[in-house]
Number of protein chains: 2
Amino acid sequence: MKLYDMKQAPNPRRLRMFLAEKGIEIETVQVDIPSGENLSDEFKAINPRGLLPTLVLDDGTVIDESVAISRYFEQTHPEPNLMGTDAKSMALIESAERHMEFDGLLSVAEAFRNSNPVFANRATQGTDGVQAIEALVERGRNGTARFFASLDATLADSRYVAGETFSIADITAFCVVDFAKWTGMRLGDDHPNAQRWYAEVAARPSAQA
Amino acid sequence: MKLYDMKQAPNPRRLRMFLAEKGIEIETVQVDIPSGENLSDEFKAINPRGLLPTLVLDDGTVIDESVAISRYFEQTHPEPNLMGTDAKSMALIESAERHMEFDGLLSVAEAFRNSNPVFANRATQGTDGVQAIEALVERGRNGTARFFASLDATLADSRYVAGETFSIADITAFCVVDFAKWTGMRLGDDHPNAQRWYAEVAARPSAQA
């Protein structure tokens, strides 16, 4: 199998962390988003959406979306468990993971994509010809600030994002916090619980993946 | 258990269709989004994100996000299967479901939220004080048009959105197509495959849920 990847981008990183936690190694092919390689005919023949990460199985099956690819490996390599072990824990982890994506990742991406000149004409991912909208920079930054506050509140009550066990929700949250640095936004002194959690996750070997 | 629901909103509808396919009945409480009941102190005490659907289990556990709640019931009521039976089918259905959400639902919501006066000051869901941005109406409509084209292309090759079996990806897609009507956008003559699929899904009893 083969994984289409980009070292610097947040969504491929989420998957690489997930794979590192499971001890899975896969052949990767780097695709450069800033230069538009993900929108080339060659890559769109593999994934018409032009998105990373994209996994191609040995039988030619193509799977995109980092959470869906993670689901594949959660089934083939169940240990360590990262997506829940029963109905309740699976649902709570999936819910928490989606909070990190919809409240966090989308906000940071909005601020980042609409302020970086590289993406002036590709303001939504996988597209060409979608113009940046200046008002979205502030909206994305405000959303990121709300996300930081909500992450801190969540981590006041629990060790990890979805409870007492490290999960895919922590991976997404950690990659979002690092992605936010690209927009100049960081966890601050008013986020002591998130800071404690961040330091713990950053010390895991998978954080280097 | 208790389900916080709103009859007219697309995300609660996705879950109701999922439950209807499984033959599950739950006590529901209607929460009115247009009047802001979802942002009231009373509802935020249940779900601080102010979002629907929200499920409260008998032990008090709160789960939001329709896909996460669906995952819970997929585990407790495995038949009929709607989220895959093995690593590959689970990943492909999750990937397809996310295409419907990120490419479809987010585009329609963008066009709807930023053009409806009711949401002029609540342009992102679960928030108060986020102003509508006029340029997002056109961006959302363009995204919806791309989504319709891509849905039609997907359904040229397969009976359902994620292959030959009806799944949660069809439920999301169907609810997105109906939600798009609120912005005046409908599948057209250039989407014959999507039209064939829509008629088939609309004939299922769950479409009335």
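What residue, among those in segment A:178-194 that are in contact (Cβ under 8 Å) with a residue 24 or more places away in the chain and in a helix (DSSP H, G or I), is surrounded by the fewest Cβ atoms within 10 Å (Cβ to Cβ)?
That would be A:P192.
Checking B:F119 against (1) within 20 Å of B:F179 (Cα to Cα); (2) modelled with pLDDT of 95 or more, which single condition isn't satisfied?
Here B:F119 meets the rest and fails (2).
So, in segment A:122-144, exactly how many residues are facing chain B (nearest Cβ under 9 Å), farther than 24 Å from B:G126 by Cα and surrounded by 19 or more Cβ atoms within 10 Å (Cβ to Cβ)?
2
Which residues, counting only those in segment B:16-43, are in contact with a Phe, Trp or Tyr (Cβ under 9 Å, 6 or more places away or on another chain) and assigned to a strand (DSSP E or B)?
Matches in segment B:16-43: B:T28, B:V29, B:Q30.
How many residues, within segment A:27-47, are under 24 Å from A:M83 (Cα atoms) and surrounded by 14 or more Cβ atoms within 10 Å (Cβ to Cβ)?
Here the count works out to 1.
Go through (1) under 30 Å from A:D58 (Cβ atoms); (2) touching a residue at least 12 places away in the same chain (Cβ under 8 Å); (3) surrounded by fewer than 17 Cβ atoms within 10 Å (Cβ to Cβ); (4) of a type outside the set (A, V, I, L, M) for B:E97 and report which single condition fails.
Of everything listed in (1) under 30 Å from A:D58 (Cβ atoms); (2) touching a residue at least 12 places away in the same chain (Cβ under 8 Å); (3) surrounded by fewer than 17 Cβ atoms within 10 Å (Cβ to Cβ); (4) of a type outside the set (A, V, I, L, M), B:E97 misses just condition (3).
Residues that are within 12 Å of another protein chain (Cβ to nearest Cβ), more than 19 Å from A:F102 (Cβ to Cβ), over 18 Å from the mean Cα position of the chain (by Cα) and buried (at least 21 other Cβ atoms within 10 Å of the Cβ): does segment B:78-85 have at least one?
Yes - at least one qualifying residue is present in segment B:78-85.
Could you please find all residues in segment A:145-167 being of a type outside the set (S, T, N, Q), free of Cβ contacts under 8 Å to residues at least 60 places away in the same chain and either in a helix (DSSP H, G or I) or within 13 Å of chain B (Cβ to nearest Cβ) (or both)?
A:A145, A:R146, A:F147, A:F148, A:A149, A:L151, A:D152, A:A153, A:L155, A:A156, A:D157
The values are calculated or read from the model by the stated rules, or taken from the named source; none is laboratory data. This one's a predicted model, so the numbers in the text were calculated from it and none came from an experiment. Methodologically, a virtual Cβ is constructed for each residue, glycine included, from the backbone with ideal geometry; neighbour enumeration extends over all protein chains shown.
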